[in-house]
Amino acid sequence: MDTVFLRRIHALIIIEHGTRRAHLAGVTAHPDGSWTTQAARNFLMDRGQRAASVKFLIRDRAGQFTESFDAVFTAEGIRILLSPPQAPRANAVCERMIGTLRRELFDRMLIVSEHHLRRILTGYLIHYNTARPHRTLGQLPPAQAAPGHRRSTSPSIVSAENRSSVASQNEYQIAA
C-alpha cells in the first residue's frame with residue numbers, strides 16, 4: 001500500500017481458509033524476517049488454544065518469510081506449504097482478499113501513515129469478519145457461519161476502529 005506521501009507500507013494479514021476469518025498480524029514500512037517472525041509469534045499467542053486446530057499454513061516465497069518464520073509455525077505442529085512461483089491461483093483465497101481490500105477499501109481512501117493504515121484495516125477487518133457476507137459461507141459473515149460451512153481452519157498469509165470508514169460500504173443484505 002502506498003501512502004499519499006509515496007511511502008510504501010506493508011500489512012501482514014492471516015486468513016483462515018475454512019471460516020474466511022481474517023486477522024491483522026501487523027503493519028510496517030520495513031517487513032524483514034525478524035518482523036514477520038515476531039508477527040507470527042504474536043498471532044499464535046493471540047490465538048491461544050485455538051492454534052491447535054491449524055493444520056497447515058500456505059504462504060508465498062517472499063523474502064521476508066524466513067526459516068525462523070516457518071520455525072514458529074512448525075514448533076506448533078503446523079505444516080508449511082509454499083505456493084509455486086508466480087502462480088496466484090495456487091492461493092486464490094489470499095489473492096481474493098488482496099482484491100477485496102483494494103476494491104472495498106484502498107480505492108476509496110487515501111492512507112497517510114502506518115498508524116492510519118492499522119486503524120483502517122482494524123476497523124475493516126471487524127466489518128469483514130462480523131458483517132460482510134461471503135458467498136462461500138452461504139452469504140453469512142465468518143462470525144455467524146455455522147460449523148458445517150467450515151471446510152478447513154488452515155490460514156494463509158497475505159503480504160499487503162475507524163467505524164465511519166467502514167460504514168460507507170455499500171452491501172446487499174438478505175431479505176426475508
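The chymotrypsin sites (Phe, Trp or Tyr not before Pro) found in segment 1-88 that occupy coil by DSSP, while having at most 13 further C-beta atoms within 10 Å, are Phe5.
Panel order for Met109, Met45, Met1, by other beta carbons found within 10 Å of each beta carbon, from fewest to most: Met45, Met109, Met1. Loop-located GluC sites (Glu not before Pro) in segment 14-121 (DSSP state not H, G, I, E or B) with no more than 16 neighbouring Cβ atoms inside 10 Å: Glu76. Please label the shape of segment 56-152 as rounded, prolate or oblate, based on the square roots a ≥ b ≥ c of the eigenvalues of the alpha-carbon gyration tensor (a/c under 1.5 means rounded; beyond that, a/b larger than b/c means prolate, else oblate). Oblate, because a/c is 1.5 or more while a/b does not exceed b/c. In this simple spin-label model, placing a label point 7 Å from the Cα along the Cα-to-Cβ direction at both Asp107 and Ala52 gives a separation of 4.4 nm. Along each principal axis, taking the top coordinate minus the bottom one, the Cα set of segment 1-87 gives 42, 28, 25 Å in descending order.
Candidates Thr28, Pro84, Ser68 compared by Cα position along the dipole of segment 10-166: farthest toward the positive end lies Pro84, with charges placed on Cβ. Each Lys and Arg contributes +1 and each Asp and Glu -1, all at the Cβ; summed about the Cα centre of segment 63-151, the dipole is approximately 460 debye.
Here the peptides 122-134, 81-93 are ranked by packing, the mean other Cβ count within 10 Å, and the order with the highest first is 122-134, 81-93. Dipole magnitude for segment 10-166: about 600 debye, using +1 per Lys or Arg Cβ and -1 per Asp or Glu Cβ, origin at the Cα centre.
A short reminder: the numbers here are calculations on the coordinates, not readings from a lab. The structure presented is a predicted model; accordingly, all values stated were derived computationally and were not measured. Glycine also receives a Cβ, built like all others from the backbone with ideal geometry; neighbour counts cover every protein chain displayed.
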